[in-house]
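Structure first, then comments.
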Amino acid sequence: FRTVFLLLAVAFAFAEQNIRTTVPHYGEKFVLGKHTYSSKHEFILSGKRCGTKELSEVEMDEIEYDLASVPDSDEFAKGGKVRIPVYFHVIKNTNGDGDLSETDIANQIEVMNTAFKKTNFKFWLKDVDVTVNDDWFSLPIQSQEEKDMKSTLRRGGKKALNIYTVENDQGILGWATFPPAYKNKPDEDGVVIDVNTLPGGNFAPYNEGITLVHEVGHWMGLYHTFQNGCNKAARKGDKVGDTPAVASPNFGCPPDDTDSCPGNKRQLKGNDLVHNYMDYGDDSCLTSFTYGQNKRMDRMWQKYRM
């Protein structure tokens with residue numbers, strides 16, 4: 001009996017340790033820059049991992065109506081990769097905060113091209129400009145300061161990706177516009193990210209450049225993988241056929257067998273794509289787009305940016 005007891009005790013201890021290393025810790029304090037949260041989970045729920053404004057059902061339906069006229073074929077890829085010019089707008093304050101080197105920017109572009117390697121798109125740095133403006137550096141999302149910054153600095157047409165690095169006082173890591181918005185508000189098109197999210201920045205575990213990958217995913221027309229959650233009435237969730245339903249944003253780096261929507265009958269069944277760029281995991285955990293997401297970006301580009 002003593003031997004059996006010892007074996008059970010060892011097994012229990014191992015299982016307990018395994019749980020500790022795979023289940024997210026909700027109670028540990030999480031600090032990101034000037035902002036402190038009771039846990040990383042609270043940070044995720046705050047909406048500050050991504051500030052991109054969700055579209056209404058009507059807006060989403062209009063996009064699907066538009067995309068219905070775009071052939072879903074491989075013809076688009078036959079012309080080779082689409083080279084997207086990038087205008088990188090570095091915003092600093094009068095203290096010099098926000099400064100970036102050529103290497104910092106080059107490393108971020110490299111992260112982008114690695115993430116989009118299996119897509120039909122490639123990013124190339126067209127130009128960099130530096131602006132010293134205290135108000136723009138700490139600008140709130142969807143503010144007059146943001147509009148002023150973009151209307152002053154934005155360059156290129158609908159095919160050009162404009163990136164603005166700031167240090168948002170609200171603690172939001174980044175946000176983007178969706179492709180259809182360009183038609184009526186071309187000056188506002190682009191992506192804003194916190195400068196601390198670039199590779200080597202101060203916002204660990206979100207400092208490997210993946211925030212920009214995620215936000216450019218939106219700029220290319222992708223929704224979050226957890227769009228509409230497990231809701232059985234949801235209209236195909238993120239509108240991509242090979243991304244299973246996800247109940248809510250994942251964070252940290254959950255186990256690969258995580259399935260937050262078991263038994264869902266109206267959306268694709270399967271484990272959460274915890275490594276997908278359009279979820280909310282740590283930068284080191286996010287490593288892929290799906291084939292369906294790649295095809296959706298192709299169609300979005302053809303409809304709104306060609």
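Here are the numbers for the structure shown:
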quantity: Matching residues in the stretch 25-60 - criterion: being assigned to a helix (DSSP H, G or I) and exposed (fewer than 12 other Cβ atoms within 10 Å of the Cβ); calculated: Glu57, Val58
quantity: Test: Ser260 is open to solvent by 40 Å² or more (accessible area, probe 1.4 Å), farther than 25 Å from Ile84 by Cβ and in contact with a helix residue (DSSP H, G or I) (Cβ under 9 Å, 6 or more places away or on another chain); calculated: no
quantity: Test: residue in the stretch 74-86 that is charged (D, E, K, R) and open to solvent by less than 60 Å² (accessible area, probe 1.4 Å); calculated: no
quantity: Verdict on Thr177 being out of contact with any helix residue (DSSP H, G or I) (no Cβ under 7 Å at 6 or more places or on another chain) and touching a residue at least 12 places away in the same chain (Cβ under 8 Å); calculated: no
quantity: Pair list, Cβ under 6 Å, 6 or more apart: the stretch 227-251 residue at pLDDT below 90, other residue part of a loop (DSSP other than H, G, I, E, B) and charged (D, E, K, R); calculated: Lys232/Arg266
quantity: Yes/no for Thr131 being touching a His at 6+ places or on another chain (Cβ under 8 Å) and surrounded by 13 or more Cβ atoms within 10 Å (Cβ to Cβ); calculated: yes
quantity: Only one of Asn162, Asn207, Asn202 that is touching a Gly at 6+ places or on another chain (Cβ under 6 Å), over 18 Å from His89 (Cβ atoms) and in contact (Cβ under 8 Å) with a residue 40 or more places away in the chain; calculated: Asn207
quantity: Those residues of the stretch 194-242 which are of a type in the set (S, T, N, Q), open to solvent by 10 Å² or more (accessible area, probe 1.4 Å) and closer than 22 Å to Tyr291 by Cα, in sequence order; calculated: Gln227, Asn228
quantity: Criterion violated by Glu167 - all others in (1) farther than 28 Å from Leu32 by Cβ; (2) surrounded by 14 or more Cβ atoms within 10 Å (Cβ to Cβ) satisfied; calculated: (1)
quantity: Total residues in the stretch 87-107, condition charged (D, E, K, R), open to solvent by less than 70 Å² (accessible area, probe 1.4 Å) and part of a helix (DSSP H, G or I); calculated: 1
quantity: Pick from the stretch 263-292, criterion open to solvent by less than 50 Å² (accessible area, probe 1.4 Å) and part of a helix (DSSP H, G or I), ranking: farthest from Pro199 (Cα to Cα); calculated: Gly292
quantity: Residue match in the stretch 173-193 (condition: open to solvent by less than 20 Å² (accessible area, probe 1.4 Å), modelled with pLDDT of 95 or more and more than 22 Å from Met297 (Cα to Cα)); calculated: yes
quantity: Qualifying residue in the stretch 273-283 (condition: touching a Pro at 6+ places or on another chain (Cβ under 8 Å), closer than 30 Å to Asp169 by Cβ, modelled with pLDDT of 95 or more and not charged (D, E, K, R)); calculated: yes
quantity: Selection from the stretch 58-90 of residues that are in contact (Cβ under 8 Å) with a residue 24 or more places away in the chain and of a type in the set (Val, Ile, Thr); calculated: Ile63, Val70, Val82, Ile84, Val86, Val90
quantity: Residue satisfying condition, being touching a residue at least 60 places away in the same chain (Cβ under 8 Å) and of a type in the set (Val, Ile, Thr), within set Thr114, Thr119, Thr152, Thr103; calculated: Thr119
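The values are calculated or read from the model by the stated rules, or taken from the named source; none is laboratory data. Keep in mind that what you see is a predicted model, and the values were worked out from it rather than measured. Glycine also receives a Cβ, built like all others from the backbone with ideal geometry; neighbour counts cover every protein chain displayed. For the accessible areas, the whole protein counts, side chains as well, though only heavy atoms, and no ligand, DNA or RNA atoms are used. Shrake-Rupley method; radii C 1.70, N 1.55, O 1.52, S 1.80 Å.
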